[in-house]
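**Student:** First the structure, then my questions, so here it is.
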Amino acid sequence: MTLSFPVLPMKAAMGTLPDDAAGPGQWAYEIKWDGYRTLVFVNDGAVRLQSTSGRDVTERWPEFAELAGSVNASTAILDAELVVFDDEGKPRFDLVQQSGVGSDREAVLHLFDVLAVDGTDIVDHPYIDRRRLLDSLIEPGDNWLVPAHRIGDGAALLAATAEQGLEGVIAKRTDSIYRPGSRSKDWVKIKNRVVIDLVVGGYTAGAGNRSTTFGALLVGQMVDGELRFAGGVGTGFDQATLRDLTSRLGAIETDECPFATLPPPKHRRGAHWVEPSIVATVEIAEFTNDGHVRHASFIELRDVSPGDLAG
């Protein structure tokens, strides 16, 4: 298949919800699935999967071998999110990392865009036209589908995703073209975040412009009277906070690790332990299956004792 564009996925910019009232019908909204971005190539009955880095990952997920039979075209290039659901029906990125040949969980492809059909490039077609074509192109199967989208009222969809514990939404201009390999504000990624209080049990040594402060806080949750390690928090600090925290942490350093079990080796390298007397409010995307924070960012210190957080 000869194409007029590089076969790379278009990416969304981080942002906030667009103002639908300022331009009704200008934005479409899709659920942001917490998975593995994948380009799908269909060619005369065969399917090839490609990662965002251009790597061929077809053999890892044999559950998609029959997808070509559900595509109403001889050839096509599709954009998708490869998702694996937990026992409660929630998509989990860590389960994607564990999935593939030999796994007891099968993946599902959410096919949300189309770049070419039967040798014809359609990246210059408006989003809304590509979505209509996609709906007619794909017959849903056990391991693939075209996810729903809605025009307008993004706030309601975002609220629904937050209630269900999903990652967020993607807002897309209805007249936007597909820009392969580019990050465009025509697509906006809006994430739900969780705010939680965690106990500081240590910190890692800083480097570069943080060589005189620290790299990340090592934090934990109080569960059944013990401090369980919950990962590191390395972002969200301004210079004043870095200096203040460095002074506070230095005053409560201890030789003994306060966590019930030692953190993984990557968190112990360059670690300094402190008495678990400081509580930090942190914004996170979610907790992993290991109970560690994901995409954590510091907000502020809390004027409460760790014992007040016991659960």
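The values are calculated or read from the model by the stated rules, or taken from the named source; none is laboratory data. These figures come from a predicted structure and were not determined experimentally. Glycine gets a Cβ as well: all are built from the backbone with ideal geometry, and neighbour counts include every protein chain shown. Just the protein is used for accessible areas: all its heavy atoms, side chains included, with ligands, DNA and RNA removed. Shrake-Rupley method; radii C 1.70, N 1.55, O 1.52, S 1.80 Å.
**Student:** Are any residues in segment 69-91 within 13 Å of Ile138 (Cα to Cα) and part of a loop (DSSP other than H, G, I, E, B), and if so, which ones? Full working, then the answer.
**Tutor:** So the first thing to find is which residues in segment 69-91 are within 13 Å of Ile138 (Cα to Cα), and the list is 69-80.
Scanning segment 69-91 gives Asn72, Ala73, Ser74.
**Student:** Run Gly231 past the list (1) surrounded by 18 or more Cβ atoms within 10 Å (Cβ to Cβ); (2) more than 30 Å from Arg130 (Cα to Cα); (3) more than 21 Å from the chain's Cα centre (by Cα) and report the number of the one that doesn't hold.
**Tutor:** Tallying (1) surrounded by 18 or more Cβ atoms within 10 Å (Cβ to Cβ); (2) more than 30 Å from Arg130 (Cα to Cα); (3) more than 21 Å from the chain's Cα centre (by Cα), Gly231 fails exactly one: (3).
**Student:** Moving on. Any chance segment 31-45 includes a residue that's within 30 Å of His292 (Cβ to Cβ) and of a type in the set (Val, Ile, Thr)?
**Tutor:** Within segment 31-45, one or more residues are within 30 Å of His292 (Cβ to Cβ) and of a type in the set (Val, Ile, Thr).
**Student:** If you don't mind, there's one more thing I want to ask. Filter segment 156-176 down to residues that are in contact with a helix residue (DSSP H, G or I) (Cβ under 8 Å, 6 or more places away or on another chain) and open to solvent by 40 Å² or more (accessible area, probe 1.4 Å), then give me how many there are.
**Tutor:** 2
**Student:** Then there is this: If Gly152 satisfies all but one of (1) of a type in the set (Gly, Ala, Ser); (2) over 19 Å from Ala46 (Cβ atoms); (3) at pLDDT below 95; (4) open to solvent by 20 Å² or more (accessible area, probe 1.4 Å), what's the number of the condition it fails?
**Tutor:** So the condition that Gly152 fails would be (4).
**Student:** Just checking, does segment 184-193 include any residue being over 18 Å from Leu17 (Cβ atoms), more than 18 Å from the chain's Cα centre (by Cα) and either crowded, with 18+ Cβ neighbours inside 10 Å or in contact (Cβ under 8 Å) with a residue 60 or more places away in the chain (or both)? Even if it seems obvious, please write down each step before you answer.
**Tutor:** So in segment 184-193, the residues over 18 Å from Leu17 (Cβ atoms) come out as none.
There is no residue in segment 184-193 that is over 18 Å from Leu17 (Cβ atoms), more than 18 Å from the chain's Cα centre (by Cα) and either crowded, with 18+ Cβ neighbours inside 10 Å or in contact (Cβ under 8 Å) with a residue 60 or more places away in the chain (or both).
**Student:** For segment 221-267, which residues satisfy the criterion of being of a type outside the set (A, V, I, L, M), in a helix (DSSP H, G or I) and within 25 Å of Ala285 (Cα to Cα)? Give the derivation first.
**Tutor:** Of all residues in segment 221-267, those of a type outside the set (A, V, I, L, M) come to 221, 224-226, 228-229, 231-232, 234-239, 241, 243-244, 246-248, 250, 253-259, 261, 263-267.
Keeping just the survivors that are in a helix (DSSP H, G or I) gives 239, 241, 243-244, 246-248, 250, 265-267.
Within segment 221-267, Gln239, Thr241, Pro265, Lys266, His267 meet the criteria.
Let's see how each residue does on (1) crowded, with 18+ Cβ neighbours inside 10 Å; (2) more than 23 Å from Asp135 (Cβ to Cβ); (3) at pLDDT 95 or above; (4) of a type in the set (S, T, N, Q):
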| position | (1), (2), (3), (4) |
| --- | --- |
| Asp44 | no, no, no, no |
| Leu49 | yes, no, yes, no |
| Thr52 | no, yes, no, yes |
| Arg55 | no, yes, no, no |
| Asn72 | no, no, yes, yes |
| Asp79 | yes, no, yes, no |
| Val83 | yes, no, yes, no |
| Gly89 | no, yes, no, no |
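**Student:** Out of Thr281, Thr254, Thr246, which single residue is closer than 17 Å to Thr213 by Cβ, modelled with pLDDT of 90 or more and polar (S, T, N, Q)? Step through it out loud before you land on a result.
**Tutor:** On the way: Thr281 fails: closer than 17 Å to Thr213 by Cβ; Thr254 fails: closer than 17 Å to Thr213 by Cβ.
Answer to the check: Thr246.
Conditions (1) farther than 30 Å from Gln164 by Cβ; (2) in contact with a Ser or Thr (Cβ under 8 Å, 6 or more places away or on another chain); (3) in contact (Cβ under 8 Å) with a residue 24 or more places away in the chain, marked per residue:
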{"site": "Phe214", "(1), (2), (3)": "yes, yes, yes"}
{"site": "Glu253", "(1), (2), (3)": "yes, no, no"}
{"site": "His272", "(1), (2), (3)": "yes, yes, yes"}
{"site": "Glu286", "(1), (2), (3)": "no, no, yes"}
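**Student:** Could you list, in sequence order, the residues of segment 92-107 that are outside any helix (DSSP H, G or I) and surrounded by fewer than 22 Cβ atoms within 10 Å (Cβ to Cβ)? Steps first, answer last, please.
**Tutor:** So the first thing to find is which residues in segment 92-107 are outside any helix (DSSP H, G or I), and the list is 92, 99-107.
Residues satisfying the conditions are Arg92, Gly100, Val101, Gly102, Ser103, Asp104, Arg105, Glu106.
**Student:** Can you give me the number of residues within segment 19-60 that are assigned to a helix (DSSP H, G or I) and over 24 Å from the mean Cα position of the chain (by Cα)?
**Tutor:** Taking segment 19-60 as the starting set, the residues that turn out to be assigned to a helix (DSSP H, G or I) are 20-22, 58-60.
The next check asks that each one be over 24 Å from the mean Cα position of the chain (by Cα); those that pass are 20-22.
Counting residues in segment 19-60 that are assigned to a helix (DSSP H, G or I) and over 24 Å from the mean Cα position of the chain (by Cα) gives 3.
**Student:** Can you confirm whether segment 270-287 contains a residue that is touching a helix residue (DSSP H, G or I) at 6+ places or on another chain (Cβ under 8 Å) and not in a strand (DSSP E or B)?
**Tutor:** Taking segment 270-287 first, the residues touching a helix residue (DSSP H, G or I) at 6+ places or on another chain (Cβ under 8 Å) are 272, 274, 276-279.
After this cut, where a residue has to be not in a strand (DSSP E or B) as well, the list is none.
The answer is no, given that none of the residues of segment 270-287 is touching a helix residue (DSSP H, G or I) at 6+ places or on another chain (Cβ under 8 Å) and not in a strand (DSSP E or B).
**Student:** Between a residue in segment 144-158 that is more than 14 Å from Thr174 (Cα to Cα) and any residue that is part of a helix (DSSP H, G or I), which pairs come within a Cβ distance under 8 Å, given they are 6 or more apart or on different chains?
**Tutor:** Trp144/Phe64; Trp144/Leu67; Trp144/Ser70; Val146/Leu134; Val146/Asp135; Ala155/Asp20
**Student:** It is to be established whether one or more residues within segment 16-36 are under 16 Å from Glu59 (Cα atoms) and either open to solvent by 40 Å² or more (accessible area, probe 1.4 Å) or among the acidic types (Asp, Glu) (or both). Spell out the reasoning first.
**Tutor:** Going residue by residue through segment 16-36, those that are under 16 Å from Glu59 (Cα atoms) are 36.
So of that shortlist, the ones also either open to solvent by 40 Å² or more (accessible area, probe 1.4 Å) or among the acidic types (Asp, Glu) (or both) come out as 36.
Checked segment 16-36: at least one residue is under 16 Å from Glu59 (Cα atoms) and either open to solvent by 40 Å² or more (accessible area, probe 1.4 Å) or among the acidic types (Asp, Glu) (or both).
**Student:** Which condition breaks for Ala207 when tested against (1) at pLDDT below 90; (2) more than 18 Å from the chain's Cα centre (by Cα); (3) open to solvent by less than 30 Å² (accessible area, probe 1.4 Å)?
**Tutor:** Of the numbered conditions (1) at pLDDT below 90; (2) more than 18 Å from the chain's Cα centre (by Cα); (3) open to solvent by less than 30 Å² (accessible area, probe 1.4 Å), the odd one out for Ala207 is (3).
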